[in-house]
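Bear in mind these aren't lab numbers, they're just calculated from the coordinates by the rules spelled out. On a predicted model such as this, the values are computed, not experimentally measured, just so you know. Here the Cβ is made from the backbone with ideal geometry for all residues, glycine too, and neighbour counts use every protein chain on show.
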Amino acid sequence: MNIAVKRMTAPEWRPAPPEAPGMTYPWTTPPGLGETVEVAPGVLWLRMPLPFALDHINLWALRDGDGWTLVDCGIAMDEVKALWREHFATSLGGDPVTRVIVTHFHPDHFGCAGWLARETGADVWMSRTEWLMGLNVHRDQEELGKTAQVALFAAHGLDTTQLGALTKRGNQYRKIVSEPPASYRRLRNGDSFPIGDHDWRIIVGTGHAPEHACLYCDNLGLLISGDQILPKITPNVSLQAAEPGANPLKDFLDSLDNFRGLRADTMVLPSHEYPFRGLEARLDHLGEHHDERLAEVADACAEPVTAAELVPVLFRRELDTHQTMFAMGESLSHLMYLVADGRLVRERAGTDGSDGPWRFRKV
Ligand SMILES: [Zn+2]
């Protein structure tokens, strides 16, 4: 895979303006590559590059006795591995890695997990569903997942050029995720365990990923939110081909309630963009954002439309193959929410009597 990694420099990384009133960003400059910022006693913020439009991921190292617990891993790319080795020797002071916690199976989080486990001897801790998903996608050499996805998108009106481009892509996941470790330690919603001097509790979110583990420390007032709660971007919530009858947007919105009622001054440590305070305001805003989106989608279905026809309504810009895949998944998650809610109906009838693509119509 030919990946051109861009070195991040401070001027490119000004925080976006807060998305909602009541949110604040305590930091205006992120750590450079190979550097760390101590966001709380014994809690280090690291950044690793990503070869996507979203070109970085935030990772966390938590002081754990004489060693370090790592949270999330970066993608398995030589430059990221070299940066990890640099961190081991410098910012982590040569101390051992005690465990590697992975919030969810997406490649930027799980990519280096197997490599880190082999390199450091540490166990990987994940929720069971995320573990099985990671393993399954990594092992899918026959590309059953992609075949199902192409079929789902074809049935929802994606044109043949874009379906062709999607078909041609190999297993992208394997290219940026190292061989997963042979075993893992299971994290469950509500689990609480000490990391160094403090207890941390697992809070599971769904919708973006099936069993996404976040970590909350009441003592320190910190929430490591992964991709579940980001300050500015709304995480992708896609209907998956493996579960075409699911309602992931409802799962996502419902699970946001799991993050209510934490300490009012909680600092959220997200996987992208900047740490922030104002969690309740952000949760309110995420709910409002999707309500607006849903109303927009319902209005767009005054005349019957396919999920593909809705993509330019939801995303008013040019999309590449990778982005089209996410946009179709996102379009479908909104449509399926409205079908379950009774606001839309779904029907398919071709003009020639055969099955045409699914169309969605306002009730
Ligand atoms: Zn993710």
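Please enumerate, by chain and number, the lysines with C-alpha under 19 Å from the C-alpha of LYS81, excluding those fewer than 8 residues away in the same chain.
The reachable lysines, counting only those whose Cα sits under 19 Å from LYS81, are LYS6, LYS175.
Once you keep just the Cα pairs under 8 angstrom separated by 6 or more residues, what percentage relative contact order results for the chain?
With pairs under 8 Å counted, the relative contact order is 15 percent.
No other cysteine beta carbon under 4.7 Å away is the test; run it over the chain and list who passes.
CYS214, CYS217, CYS301 - these cysteines have no disulfide-compatible partner (Cβ-Cβ under 4.7 Å) in the chain.
For the chain, give me the percentage of DSSP beta bridges that are antiparallel, rounded to the nearest 5 percent.
Details: 35 of 49 bridges.
Percent antiparallel among DSSP bridges in the chain is about 70.
Of LEU249, THR147, THR98, which is farthest on the positive side of the dipole of the chain, counting Cα position, with +1 on Lys and Arg Cβ, -1 on Asp and Glu Cβ, and the Cα centre as origin?
With unit charges placed on the Cβ atoms, the residue in question is THR147.
Among the aspartates and glutamates, select those whose C-alpha is under 20 Å from the C-alpha of LYS146, and discard any that sit fewer than 8 residues away in the same chain.
Counting by Cα, and skipping residues close in sequence, LYS146 has these aspartates and glutamates nearby: ASP108, GLU130, ASP159, GLU179, GLU243, ASP320, GLU330.
About the Cα centre of the chain, how large is the charge dipole given +1 on each Lys and Arg Cβ and -1 on each Asp and Glu Cβ? Please answer in debye to the nearest 20. If you can, show how the numbers build up before the last one.
On the way: 35 positive and 49 negative charges, 80 e Å.
Dipole magnitude for the chain comes out near 380 debye.
Determine the shape class of region 186-336: with a ≥ b ≥ c the square roots of the Cα gyration tensor eigenvalues, call it rounded for a/c under 1.5, and otherwise prolate if a/b is greater than b/c, oblate otherwise. Kindly include the intermediate steps, with their values, before the conclusion.
On the way: a/c = 2.37, a/b = 2.03, b/c = 1.17.
Judged from the Cα gyration tensor, region 186-336 comes out prolate (a/c at least 1.5, a/b above b/c).
When the helices in the chain are scored as -39500 (n - 2.57) per DSSP H run of 4 or longer and the sum is shared across all residues, what 222 nm value do you end up with, to the nearest 500 deg cm²/dmol?
Calculated at 222 nm, the ellipticity per residue is -10000 deg cm²/dmol.
Please label the shape of region 10-292 as rounded, prolate or oblate, based on the square roots a ≥ b ≥ c of the eigenvalues of the alpha-carbon gyration tensor (a/c under 1.5 means rounded; beyond that, a/b larger than b/c means prolate, else oblate). Don't jump to the answer; show the numbers that get you there.
Values: a/c = 1.56, a/b = 1.21, b/c = 1.29.
Verdict is oblate for region 10-292.
Answer with one residue from SER238, HIS212, ALA264: the one whose Cα lies farthest towards the positive end of the charge dipole of region 207-339, charges on Cβ with Lys, Arg +1 and Asp, Glu -1.
Most positive-ward Cα: ALA264.
Sorted from fewest to most neighbouring beta carbons within 10 Å, what does the list ILE233, ILE176 look like?
Arranged by neighbour count, lowest to highest, ILE233, ILE176 become ILE233, ILE176.
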